[in-house]
1. Which percent of Cα-Cα pairs in segment 1-51 sits in each 5 Å bin, short to long?
2. Specify the angular offset, from 0 to 90 degrees and rounded to the nearest 10, of the alpha carbon long axis of helix 8-19 from the longest principal axis of the alpha carbons in the chain.
3. Rounded to the nearest 0.05, what FRET efficiency do residue 38 and residue 63 have when you use their Cβ-Cβ distance and R0 = 25 Å?
4. Taking the Cβ of residue 58 as the centre, find all other residues whose Cβ is under 9 Å away and add up their charges (Lys, Arg: +1; Asp, Glu: -1).
5. With a 1.4 Å probe and all protein chains left in place, how much of the accessible area of segment 8-76 comes from carbon and sulfur atoms, in whole percent?
6. Return the sequence-ordered ³J(HN,Hα) values of segment 24-29 in whole Hz as given by the Karplus equation 6.51 cos²θ - 1.76 cosθ + 1.60 applied to θ = phi - 60°, using x for Gly and Pro.
7. Please work out the average accessible area per residue across the chain, using the 1.4 Å probe convention, and give it in Å².
8. Determine one quarter of the surface area of the Cα convex hull of segment 27-80, which equals its mean projected area, and express it in nm² to one decimal.
Amino acid sequence: MTRIAKTAHEIHDEVARLVHEIPAVVEDGEAVEVGFPVHLIDPPGEGPNWTIDHVGNGHAYLASIRAVIAQAQSQWDLTP
């Protein structure tokens, strides 16, 4: 599957929206801070070209947040 190129702002906004739709986050009424995506320095290949290193106030939901990020990475590439 070909990934769609998006800007850092587009990826940030969409990942933040998805994180705030995680049922446990909604249930707890938490405001999770999601950082902006950064380019990976690894050689280009089939894997993602970005990651999000900063997640504030979300450690209790880290497994779910990582799943959201992994899903986003499989769909979108970060534009240079």
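1. Cα pair-distance distribution for segment 1-51, in percent: 4, 18, 23, 19, 16, 12, 7, 2.
2. Helix 8-19 and the main axis of the chain meet at about 40 degrees.
3. About 0.75, to the nearest 0.05.
4. Numbers: positive: none; negative: 30, 33.
Combined, the nearby Lys, Arg, Asp and Glu give -2.
5. Carbon-and-sulfur percentage of accessible area, whole number: 56.
6. 5, 5, 4, 4, 7, x
7. I get 64 Å² per residue for this part.
8. Values: hull surface 17.1 nm².
Averaging across all directions leaves 4.3 nm² for the Cα convex hull.
The values are calculated or read from the model by the stated rules, or taken from the named source; none is laboratory data. Everything quoted here is computed from the prediction, not taken from an experiment. Here Cβ is always computed from backbone atoms with ideal geometry, including for glycine, and neighbour counts include all displayed protein chains. The accessibility values were calculated without ligands, DNA or RNA, using every heavy atom of the protein model including side chains. Shrake-Rupley method; radii C 1.70, N 1.55, O 1.52, S 1.80 Å.
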